[in-house]
1. Probe 1.4 Å, all protein chains in place: accessible area of Arg49 in Å², nearest 10?
2. Once the whole set of protein chains is in place, how much accessible area is left on Arg216, using a 1.4 Å probe, in Å² to the nearest 10?
3. Sort the chain into rounded, prolate or oblate with this rule: let a ≥ b ≥ c be the square roots of the eigenvalues of the Cα gyration tensor; rounded if a/c is under 1.5, and if a/c is not under 1.5, prolate when a/b is larger than b/c, oblate otherwise.
4. With respect to the cross-link table entries Lys104/Lys153; Lys117/Lys145; Lys145/Lys211, which display a Cα-Cα separation exceeding 28 Å?
5. Hey, if we sort Lys26, Lys145 by accessible area with the 1.4 Å probe, largest down, what's the order?
6. Grab the Cα-Cα distance for Asp169 and Lys144, subtract it from 0.36 nm times how many residues apart they are, and report the gain in nm with one decimal.
7. Roughly how large, in nm² to one decimal, is the mean projection of the convex hull of the alpha-carbon atoms in segment 63-198?
8. Could you state how much accessible area Met178 has, in square angstrom rounded to the nearest 10, with a 1.4 Å probe and all protein chains kept in place?
Amino acid sequence: MEMKKDWLQAVDIRKSRRTYTGEKIKEDTAGKIRDFVEQCNQESGLAIRFMEDGAQTFKSFSSGYGFFTGVPSYFAMAGDKDLSHLRELAGYYGELIVLECTAKGLGTCWVSGTFNKDACRKQIQLSDEEELLCVIAAGPVAEKKTLKEKAIKLMALKSKKPEEFILPDSGLPQWVSMGIDAVAKAPSAMNRQPVHFAYESGRITASVDEKLNTARIDLGIAMAHFELGAWGSLSGGKWTFENDRYLFR
């Protein structure tokens with residue numbers, strides 16, 4: 001996927017939002033998002049769905065469950081159960097969708113558990129061969145966070161500093177430092193940020209120690225952020241999978 005300057009700017013302004021205005025995404029913006037989702041699916045082999053009437057997926061829970069209100073739309077992150085690196089791909093391409101939405105002035109939030117999975121599976125017509133991994137809420141939001149959103153932020157784990165993501169943590173080339181700075185701004189389930197990077201002989205490796213499904217998604221999200229941050233000072237570079245690890249060079 002060709003990186004965009006708008007995405008790099010979106011990294012700095014993206015915030016997880018749980019309170020939406022309830023308004024639908026404007027048709028011209030929605031059309032561009034549909035095209036981008038299709039591009040992501042063609043490139044990745046995923047089967048991401050952009051559901052523009054997603055209220056039922058969140059409304060079926062009791063009031064306050066998951067702390068989401070007014071969600072008009074969502075992206076269902078799904079793919080064939082046999083697709084290699086399914087969760088990492090979902091994280092990587094899902095985060096590019098998040099940044100594309102952010103660049104278009106929309107709010108977003110990764111959601112792994114607090115949504116009605118049965119309603120979602122029915123709405124997207126999930127096949128037996130596919131797996132639904134999570135969803136991404138999306139839609140118009142107020143400029144400032146609500147008190148409820150601020151309170152949720154205070155309850156989250158403290159974010160790691162950039163140097164806590166990589167070994168060694170000093171003497172790094174500028175492109176690596178910029179990549180890691182972007183990683184520190186990436187969303188993560190419960191803000192656990194379980195991803196680790198290592199730099200050696202001009203190459204970066206990325207991994208997670210945890211076996212939780214969300215950790216593999218977090219890895220994909222972090223890889224997207226690293227690639228985008230490094231892109232700010234590199235003319236190229238991409239992720240490959242070799243010898244059971246992810247390499248960027």
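1. 50 Å²
2. That residue has around 70 Å² of solvent-accessible surface.
3. Prolate, because a/c is 1.5 or more and a/b exceeds b/c.
4. Values: Lys104/Lys153 23 Å; Lys117/Lys145 26 Å; Lys145/Lys211 33 Å.
With Cα atoms farther than 28 Å apart: Lys145/Lys211.
5. Listed by decreasing accessible area, they come as Lys26, Lys145.
6. The Asp169-Lys144 span can extend by a further 5.5 nm.
7. Spelled out: convex hull of the Cα atoms, projected over all directions, averaged, 10.1 nm².
8. 60 Å²
The values are calculated or read from the model by the stated rules, or taken from the named source; none is laboratory data. All values reported here derive from a predicted model rather than from experimental measurement. Every residue, glycine among them, receives a Cβ derived from its backbone with ideal geometry; neighbour counts consider all protein chains shown. In case anyone asks, the SASA skips ligands and DNA or RNA and just uses the protein heavy atoms, side chains included. Shrake-Rupley method; radii C 1.70, N 1.55, O 1.52, S 1.80 Å.
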